[in-house]
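Remarks on the structure that follows.
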Amino acid sequence: MVIMALNVELQPKQSELLRLIKETDHTIIGYGGSKGGSKSHAVRDVNLILCVENKSYPIKTLIIRRNSTDLLENHIIPFFQKYPELEKFFNKSERIIYWPDGSTTKFGCADNEADIYNFEGKEYDYIFVDEATHFTQIMLEFLLSRNRSGHYLAKIIMTMNPGYIGHNYVKRIFITRNYLEYEDPKSYVYLPARVWDNVIWSERELVAQGYSVEQYYYEWNEDKRKNFTLQYSDYAKNLTRQPLQKRKAWLYGDWDIFEGQFFDEWNPEVHIIQKPNYLSYSEIKQFKVLSALDYGNVSSGAFLYKDWYGNVFMFDNWHDEGSTRDRKAEKLSRFMKERELYALTMLGDTNLWVKDAFDVEKSNVPANAFINAFKKDGLKIRFEPVSKNPKGLPGTSIENNRGYRIACNDSVKNALHYEIDENGKFIVKPKFFVYERCTHFIETFPALIADPDNPEDIEEGQDDHDYDAMKMAFMSIYTPRKVEQKKVFNWQLKLEGEKKKLGILAK
């Protein structure tokens, strides 16, 4: 394709991306999955084609990365290295290309979450979010509000790899396709791109063996391209040498395990209880049962029981977003009544004892208004604040809260831990399991990532409400494994002492 005397060549997956943009009604397009799939290259060249091709009206496009340094090194520099003749259209201070037909391309970034609001009042026909998982859900949804057009069907294109702060949101809308009421499933489409979709990594060996790029793409099937790339590409070989988490995410685009995953021992095949193995609610109630509520604009309830062997099971999960306080109380009450759990003790966080956003204008509303909202339904639910300080009251220090969180994290990791021998038999069995119907917990829990500045804690700003509810109940119901101490007899200690005197090293 020759455009403005520029030879723009797209690989087949990149051509398919362009087709999805130009010829379909999908408005939110996901592209990528693994490293090396030529995502950034696709963003630059597809954007170039859209901007310079013949059209009735000029367009505005945005190419955005989370980090300003990445924006420069992954987009601005390589774009003008490839197309130096276009630099005359580029305003460096504004980071905008002013195309001859009046179209514009803005190179943007948002190093901090608040920086996304620098795009307030702007609108773009096409937005390319490169490495979308580096953005929070709030940032991505804000960009969606900037994706508007007066003449074309506005579209947002998100490239991604598994992991990072936006992992859960991106996975939900493109991989598991679990949509909320305000999200239209028909708007979303996902185009996977793997390292073997990018011939550049194995082109030298391909040519050396007498094959052409055309044969690679149009005569070979995917398995043949994959096997050839893994065998002959130095880049692919490097990915195969990575630890399991990185290898699965970077090479195969596995969304269930990835670098930075906090609870990295989580394994759906081990920790999830399938429906045929559920206990009934009446059977569950013969064990010690406890629940907890993480309250806020997003509220989550976790319901756990411990069996006679000390195993802890999360058997149900309640989740609500955006409802008023009274509506939340009504929904949770109904949820518990339907399961005959209305007499269950429920632990609650300190937010239950303070006025929420619905009360700020009402000076006569008591601080425990949320708890009182349950009483009108006649439920015998007793709320207890988590004891983060001796009195169990709000106002605990950040350091104490962090210590509490780390203790919780460590206990949950301990309960998740398992070991399997070469025959697939358990050497160490896990102590924590989750019923398959706890869908929101199963979706959000594995996606939690570690705080890069404090690896013992999870990073702030994630969808951790279900985990917060679970860990409150878990910490009250779970008995951590005791570290087995090898018994040492007095005669052994005496013998060791004699050996040291004689200069003999004990074996």
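So the values come out like this:
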item: Identity of the residue in segment 139-157, aliphatic (A, V, I, L, M) and under 18 Å from Asp184 (Cα atoms), that ends up most open to solvent (accessible area, probe 1.4 Å); result: Leu153
item: Residue tally, condition touching a Ser or Thr at 6+ places or on another chain (Cβ under 7 Å) and surrounded by fewer than 16 Cβ atoms within 10 Å (Cβ to Cβ), over segment 217-236; result: 0
item: Residue check for Leu239: of a type in the set (A, V, I, L, M), in a helix (DSSP H, G or I), surrounded by 13 or more Cβ atoms within 10 Å (Cβ to Cβ) and at pLDDT below 95; result: yes
item: Counted residues, segment 434-453 - those being more than 18 Å from the chain's Cα centre (by Cα), open to solvent by less than 30 Å² (accessible area, probe 1.4 Å) and not hydroxyl-bearing (Ser, Thr, Tyr); result: 1
item: Residue list for segment 266-277, filter: open to solvent by less than 60 Å² (accessible area, probe 1.4 Å) and among the charged types (D, E, K, R); result: none
item: Those residues of segment 158-183 which are assigned to a helix (DSSP H, G or I) and either touching a helix residue (DSSP H, G or I) at 6+ places or on another chain (Cβ under 8 Å) or surrounded by 19 or more Cβ atoms within 10 Å (Cβ to Cβ) (or both), in sequence order; result: His167, Asn168, Tyr169, Val170, Lys171, Arg172, Ile173, Phe174, Thr176
item: Leading residue by the ranking (least open to solvent (accessible area, probe 1.4 Å)) among those in segment 114-137 that are assigned to a strand (DSSP E or B) and among the aromatic types (Phe, Trp, Tyr); result: Phe128
item: Single unsatisfied condition, Gly503 versus (1) modelled with pLDDT of 80 or more; (2) open to solvent by 30 Å² or more (accessible area, probe 1.4 Å); result: (1)
item: Within segment 408-433, tally of residues that are out of contact with any Phe, Trp or Tyr (no Cβ under 8 Å at 6 or more places or on another chain) and either crowded, with 16+ Cβ neighbours inside 10 Å or in contact (Cβ under 8 Å) with a residue 24 or more places away in the chain (or both); result: 3
item: Boolean, Lys186 is open to solvent by 10 Å² or more (accessible area, probe 1.4 Å), assigned to a helix (DSSP H, G or I), within 24 Å of His134 (Cβ to Cβ) and in contact (Cβ under 8 Å) with a residue 12 or more places away in the chain; result: no
item: Subset tally (residues that are within 21 Å of the chain's Cα centre (by Cα) and of a type outside the set (Gly, Ala, Ser)) for segment 240-297; result: 30
item: Considering residues of segment 245-265 that are outside any helix (DSSP H, G or I), open to solvent by less than 30 Å² (accessible area, probe 1.4 Å) and modelled with pLDDT under 90 only, the residue farthest from Asn161 (Cα to Cα); result: Gln261
item: Matching residues in segment 189-204 - criterion: being open to solvent by 60 Å² or more (accessible area, probe 1.4 Å) and touching a helix residue (DSSP H, G or I) at 6+ places or on another chain (Cβ under 8 Å); result: Trp201, Glu203
item: Yes/no for Asp25 being among the acidic types (Asp, Glu), part of a loop (DSSP other than H, G, I, E, B), under 22 Å from Val189 (Cβ atoms) and modelled with pLDDT of 95 or more; result: yes
item: The lone exception for Leu495 - which of (1) open to solvent by less than 90 Å² (accessible area, probe 1.4 Å); (2) modelled with pLDDT of 80 or more; (3) more than 28 Å from Phe315 (Cβ to Cβ) it fails; result: (2)
item: Cross-chain or 6+ apart pairs with Cβ under 7 Å, segment 260-273 first and over 17 Å from Asp451 (Cα atoms), then assigned to a strand (DSSP E or B) and among the aliphatic types (A, V, I, L, M); result: His271/Val434; Ile272/Val434; Ile273/Val434
item: Filter result for the condition that a residue is loosely packed, with under 14 Cβ neighbours inside 10 Å, of a type in the set (A, V, I, L, M, F, W, C) and at pLDDT below 90, over Leu393, Leu379; result: Leu393
item: Answer from Ser280, Ser291, Ser300 - the residue that is free of Cβ contacts under 8 Å to residues at least 12 places away in the same chain and either in contact with a helix residue (DSSP H, G or I) (Cβ under 7 Å, 6 or more places away or on another chain) or loosely packed, with under 15 Cβ neighbours inside 10 Å (or both); result: Ser280
item: Any pair with Cβ under 6 angstrom, 6 or more apart, that starts in segment 10-34 at a residue that is under 16 Å from Trp201 (Cβ atoms) and ends at one that is acidic (Asp, Glu) and open to solvent by less than 30 Å² (accessible area, probe 1.4 Å); result: Lys13/Asp197
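Matching residues to (1) open to solvent by 30 Å² or more (accessible area, probe 1.4 Å); (2) in a loop (DSSP other than H, G, I, E, B):
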| site | (1), (2) |
| --- | --- |
| Leu10 | yes, yes |
| Ile21 | no, no |
| Tyr31 | no, no |
| Lys35 | yes, yes |
| Arg44 | yes, no |
| His75 | no, no |
| Glu85 | yes, no |
| Ser93 | yes, yes |
| Pro100 | yes, yes |
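Yes or no, residue by residue, for (1) touching a residue at least 40 places away in the same chain (Cβ under 8 Å); (2) among the acidic types (Asp, Glu):
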residue: Asn54; (1), (2): no, no
residue: Ile59; (1), (2): yes, no
residue: Asp70; (1), (2): yes, yes
residue: His75; (1), (2): yes, no
residue: Tyr117; (1), (2): no, no
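The values are calculated or read from the model by the stated rules, or taken from the named source; none is laboratory data. All of these numbers come straight from a predicted model, not from anything done at the bench. Backbone-built Cβ (ideal geometry, glycine too); neighbour counts: all protein chains shown. Note: areas computed on protein heavy atoms with side chains; ligands, DNA, RNA excluded. Shrake-Rupley method; radii C 1.70, N 1.55, O 1.52, S 1.80 Å.
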